[in-house]
Amino acid sequence: MKLKNLFVMTAAALAATPSLADINVGVIASMTGPAAALGAETRKAVSLFPATVGGEKVNFILLDDTTDPTAAVKNARKLISEDKVDAILGPNLISTATAIADVANAEKVPMISVAPLDVSGDKRGFVFRSEPSADLMVQRVVADMLANGVKTVGFIGFSDSWGEVLHKALTKAAEGKITIVASERYGRADPSVQAQALKVISAKPDAVFVGASGTPAAMPQITLRERGFKGRIYQSHGVTSKEFLRVGGKNVEGALIPVGPVLVAEQLPDSHPSKKSAVAFVQTLEAKYGADSRSTFAGASWDAWLLLQNAITGAQKAKIKAGTPEFRAALRDGIEKTSKLVGTNGVYTMGPNDHAGYDASAIVLIKVENNHWKLVK
Amino acid sequence: MDAEIIAMLGQDGVTNGAIYALLALALVLVFAVTRVIFIPQGEFLAWGALTMAALEGGHLPTTVWLLAGLGVLALGVDLFSATGRRTIGRSVLWNLAYPLALAGLLWVLPLAELSTWARVIVTLAIVVPMGPMLYRVAFQPVAEAPVLVLLIISVAVHLAMVGFGLLAFGPEGSRTTPFSEAQLELGTLMVGGHTLVVILASLVLIVGLYLFFDRTLYGKALRATAINRNGARLMGISPALAGRLTFFLAAVIGVLSGVLVAPLTTIYYDSGFLIGLKGFVAAIIGGLASYPLAAAGAILVGLLESFSSFWASAFKDVIVFTLIIPVLMWRSLTSHHVEEEE
């Protein structure tokens, strides 16, 4: 009996030791499952995070949510109860982020999501995000359509929540200015979008907006071009990975995409606020992972860390000890007070009523040219 | 909606239907001979397509190592239930020497310069032997188990293959270049060369299978096993051989359909399941027993999918999978049910 007690006490002492001295940050990402491509980008960014902040050691605990909200919640609970984390970064998808947000709010652990989940009203609490909303991105697309005299637009998007989010954003942004003449849906794993493409073409739109993400977004554009559609084709910001260019090949030439500036860091005009930090990030990342390994997703994860780092520095100045509830509350307040923080993907100014704090003027429009991203001036 | 659109939708539906038909035939075949509802059929499609894509990109396909790993497993099972020196010798040859020889050959070959046909053959050589090995490892030891147990094992094999697929190919998908870029004009209709290749290849495969089952001794042995397993056994047909042969054929069909579908759409490590499921709907239409009905069902599924994507794209999959309900009702009302002896 005595021996057993001794074990329990030793184990408790061992488990408690690191959390008192260091800052612990939990990172949840979709490293396997359908969103594995996004999780891989987060992992790249995490590998570049510093080991110390203000002389204090920072431990990053990276967990895989397998693109499953249930697993994401399990991870969040494990991070909070076992690893005693001071903050959570991630996850990659709205579905997983929404699931974790409730846990973060209930346990009072600040969380910065890299998915554009809804942070309005009472969902705010301890939840922040470093990714601009789909609305802002689509507004940039609609602005470009108007500037180019587009009057009618066709929509082909995923038959899931992402397609729905983009369709709503397009409907809202285009209201009264551009008519949506066709709205078609397809699944990520569908063998063909011929029928949807035919229907969109038969509605004779001036432009088409593809509401999809990743490599499956290439298929509608390929089919539209094969079927002889000559108008402008816009993609969402969910396609900005090298894989999209590889799969799409010559048929995605000319695709117009709204993105955070990190993707075209070097091409930005010097007046762009994020130019310096974006170029620095891209150089570090590509020194480690090879040329063209950048993505806006890695940039968003990096920005989430910048927001947190800023708050950690603030809490350290106030001499609050890491691992305590006060420290977590201080981090939350610190993130909320973020003002004009320049990240790789834009400039962030948070407030009690705005936990996204993304300045829309940082969004740029890019074009696929010779299988590369080209900034549209 | 005019005639031209109907023709285009029809063309698209028949093309996809041809692929579903191949998968449906493989499902019916595997079920008839071994009573396994072969859920991993779609994985052979995905692995075939992605191996082809890797070869096209000039990389050594990682499936070679999966083949070697599976071979070692199969050899282990053979050694464990050793029956004689000759069988062991053959097992070493096929499960160990062959994968390693193939890997060595691929190491030497200039992969990027292979012709399309050579790539198809290499893809077949890599992925197809996994079929019989899979049977040896997962199904042969429990060949006499009830259908439900076999189904559960088949689900497990499917999950394992999806996991290894992610490991081998990564989360991103690939496309390959079409076999033919030609565009033929038939009246007002443009027919893509690749569409014709898909339909022709499916027809050739179906006719080939018919000839195999009708004219060859091995084909007749499989048919006999499908009709009456015990009877066939008494006539000297080895159930193990029948199982391996069936899985070999299923793998051939799966890999070929993967090679055919890869230029049409982007294939991911987990794409096989959904495509296989549509083949399964078609196989159900054929009552998991009739080949012509399954093939017709597959064309029906393809056409239904194509036309429903045009009219109500958001509900396309719902419509396709709902098809199974009236079919099941019609089947259970028209055929009198015989309890299967287990």
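The numbers here are math on the coordinates, done by the rules we state, and not lab data. All figures in this text were calculated on a predicted structure; none of them were measured in a lab. Cβ sites come from the backbone with ideal geometry, for glycine too, and all protein chains shown count toward neighbours.
Peptide B:258-268 is shielded by partner chain Cβ atoms: per residue, an average of 4 of them sit within 10 Å of its Cβ. Could you run the Debye sum over the Cα atoms of the protein assembly as shown, one equal point scatterer each and no solvent, and tell me log10 of I(q)/I(0) at q = 0.04, 0.07, 0.10, 0.12 Å⁻¹, two decimals? The Debye formula, applied to the Cα set alone, gives -0.19, -0.56, -1.05, -1.31. Between A:90, A:299, A:357, the Gaussian network model of chain A with springs among Cα atoms under 10 angstrom shows the greatest mean-square fluctuation at A:357. Rounded to the nearest 20, the size of the Cβ-charge dipole of the protein assembly as shown about its Cα centre is 860 debye, with Lys and Arg at +1 and Asp and Glu at -1. With neighbours defined as other Cβ atoms within 10 Å of a residue's Cβ, the residues B:218, A:186, B:20 order from fewest to most as B:218, A:186, B:20.
Each residue of the range B:227-238 is assigned a 3J(HN,Hα), and the resulting list reads 6, 8, 4, 5, x, 4, 5, 5, 7, x, 8, 6 Hz, derived from the Karplus form 6.51 cos²θ - 1.76 cosθ + 1.60 (θ = phi - 60°), x at Gly and Pro.
What average count of beta carbons from other chains do you get within 10 Å of the Cβ of residues in A:222-231? Mind showing how you got there, number by number?
On the way: counts 3, 3, 0, 0, 3, 2, 1, 0, 0, 0.
Partner-chain Cβ atoms within 10 Å, mean over residues of A:222-231: 1.
When chain A is treated as a GNM with alpha-carbon contacts under 10 Å, the residue of A:301, A:271, A:120 showing the greatest mean-square fluctuation is A:271.
In percent, rounded to a whole number, the relative contact order of chain A is 17, using alpha-carbon pairs under 8 Å and six or more apart. Shielding of peptide A:179-192 by partners, expressed as the average count of other chain Cβ atoms within 10 Å per residue Cβ, is 6.
Of all DSSP beta bridges located in the protein assembly as shown, what percent are antiparallel, nearest 5? Each step should come with its number before you reach the end.
Numbers: 19 of 51 bridges.
Percentage antiparallel, nearest 5: 35.
The alpha-carbon of residue A:230 sits under 23 angstrom from the alpha-carbons of these lysines, leaving out residues fewer than 8 places away in its chain: A:151, A:177, A:199, A:204, A:250, A:367, A:374, A:377.
Taking amide H positions as modeled 1.01 Å from N, with prolines and chain starts lacking one, the residues under 5 Å from residue A:63 and 5 or more places away or on another chain are A:27, A:28, A:29.
Centre-to-centre, using Cα atoms only, the range B:31-94 and the range B:150-185 are separated by 15 Å.
Considering only A:35, A:87, A:318, the Gaussian network model of chain A with Cα springs below 10 Å gives its largest mean-square fluctuation to A:318. Beyond 33 Å, the tail of the calculated P(r) for chain B holds 27 percent of the Cα pairs. Taking every DSSP bridge with both residues inside chain A, close to 30 percent are antiparallel.
Placing unit charges on each Cβ (+1 for Lys and Arg, -1 for Asp and Glu) gives the range A:120-205 a dipole about its Cα centre, and among A:152, A:198, A:133 the Cα reaching farthest toward its positive end belongs to A:152. When both the range A:180-207 and the range B:204-276 are represented by their alpha-carbon centers, they are found 36 Å apart. Highest-first packing order for the peptide set A:126-139, B:112-125, A:325-338, A:358-371 is A:126-139, A:325-338, A:358-371, B:112-125, based on the mean count of other beta carbon atoms within 10 Å.
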